[in-house]
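The values are calculated or read from the model by the stated rules, or taken from the named source; none is laboratory data. The structure displayed is predicted, hence computed values, not measured ones. In this analysis, Cβ positions are derived from the backbone assuming ideal geometry, glycine residues included, and neighbour counts consider all displayed protein chains. For accessibility, only protein heavy atoms count, side chains too; no ligands or nucleic acids. Shrake-Rupley method; radii C 1.70, N 1.55, O 1.52, S 1.80 Å.
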Amino acid sequence: HIESMQAFLDEYMASTNPGLPVTSRQTMAEQYQTQTRSSAVMGNAVSVVIALVGVLNFINSMVTAIVSRRREFAVMQSVGMTKKQLCRMLVNEGLYYAGLTLLFSYLISAFAVGVVVRAMVEDGFTTFRFTLLPLVACTPVLIFFAVLIPYLCFRNLEKHSIVERLRAAAG
């Protein structure tokens, strides 16, 4: 008789006693939905910020690794490595870094969320759904940058001749 009682209370509060404080099942469900939406928005915002920091850190690490090895690349080219081979090597290194990053991210996320977080909320009043969807969404972005950043860095390095790069790195 929940629906009939809710209708009676709504009618009573509207006609007889509008100031009567009543907390019904419907009111509690609406409050729960509002709190759930608020928590989801905050969780998604934090996830996006963490994903951006992670991608930017990945980009920074790759650029630093390539720029710090300028002399090494110049030496490789001076002994016969072609531009195409060097570019392919850098892109493959980027994909290797991305692959390792994704592997460890999937493993750590699966353990941390699937085991630790589930244990923390197990006896609560909420339901728990485990998903790797945010990490799956970041995967193509990371792979894209793993190819793009080495290519752009290589093009930037190639603006200077091999002799200039060897001199600049030595002096």
List the number of the failed condition for residue 129; all other conditions in (1) modelled with pLDDT of 85 or more; (2) among the basic types (Lys, Arg); (3) part of a loop (DSSP other than H, G, I, E, B) hold.
(1)
Quick one: which residue in 36, 64, 101 is among the hydroxyl-bearing types (Ser, Thr, Tyr) and under 30 Å from residue 168 (Cα atoms)?
64
Name the residues in the range 161-171 that are at pLDDT 80 or above and surrounded by 12 or more Cβ atoms within 10 Å (Cβ to Cβ), would you?
162
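Conditions tested, residue by residue: (1) in a helix (DSSP H, G or I); (2) under 27 Å from residue 141 (Cβ atoms); (3) of a type in the set (Ser, Thr, Tyr).
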residue: 4; (1), (2), (3): yes, no, yes
residue: 21; (1), (2), (3): no, no, no
residue: 30; (1), (2), (3): yes, no, no
residue: 53; (1), (2), (3): yes, yes, no
residue: 59; (1), (2), (3): yes, yes, no
residue: 62; (1), (2), (3): yes, yes, no
residue: 65; (1), (2), (3): yes, yes, no
residue: 74; (1), (2), (3): yes, no, no
residue: 77; (1), (2), (3): yes, no, no
(1) open to solvent by 80 Å² or more (accessible area, probe 1.4 Å); (2) over 29 Å from residue 159 (Cβ atoms); (3) modelled with pLDDT under 90: which one isn't true of residue 71, the others all being true?
(2)
Return the pairs, sorted by first residue and then second, in which the second residue is assigned to a helix (DSSP H, G or I) and modelled with pLDDT under 85, the first residue lies in the range 25-47 and is within 30 Å of residue 5 (Cβ to Cβ) and of a type outside the set (Asp, Glu), the beta carbons are less than 7 Å apart, and the residues are 6+ apart or on different chains.
25/2; 26/6
Within the range 89-105, work out how many residues are over 13 Å from residue 146 (Cβ atoms), surrounded by 14 or more Cβ atoms within 10 Å (Cβ to Cβ) and modelled with pLDDT of 90 or more.
1
Has the range 29-52 got at least one residue that is touching a Cys at 6+ places or on another chain (Cβ under 7 Å) and at pLDDT below 90?
yes
Evaluate the range 51-60: report whether one residue or more is surrounded by fewer than 15 Cβ atoms within 10 Å (Cβ to Cβ), in contact (Cβ under 8 Å) with a residue 40 or more places away in the chain and closer than 16 Å to residue 156 by Cα.
no
Quick one: would you say residue 82 is open to solvent by 80 Å² or more (accessible area, probe 1.4 Å) and hydroxyl-bearing (Ser, Thr, Tyr)?
no
Pick out the one residue from 7, 65 that is open to solvent by less than 80 Å² (accessible area, probe 1.4 Å) and either farther than 30 Å from residue 164 by Cβ or touching a Leu at 6+ places or on another chain (Cβ under 8 Å) (or both).
7
Out of 147, 115, I need the residue that is modelled with pLDDT under 85, over 13 Å from the mean Cα position of the chain (by Cα) and either open to solvent by less than 40 Å² (accessible area, probe 1.4 Å) or of a type in the set (A, V, I, L, M) (or both). Which one?
115
Matching residues, the range 132-144, being part of a helix (DSSP H, G or I) and either open to solvent by 50 Å² or more (accessible area, probe 1.4 Å) or free of Cβ contacts under 8 Å to residues at least 40 places away in the same chain (or both)
133, 134, 135, 136, 137, 139, 140, 141, 143, 144
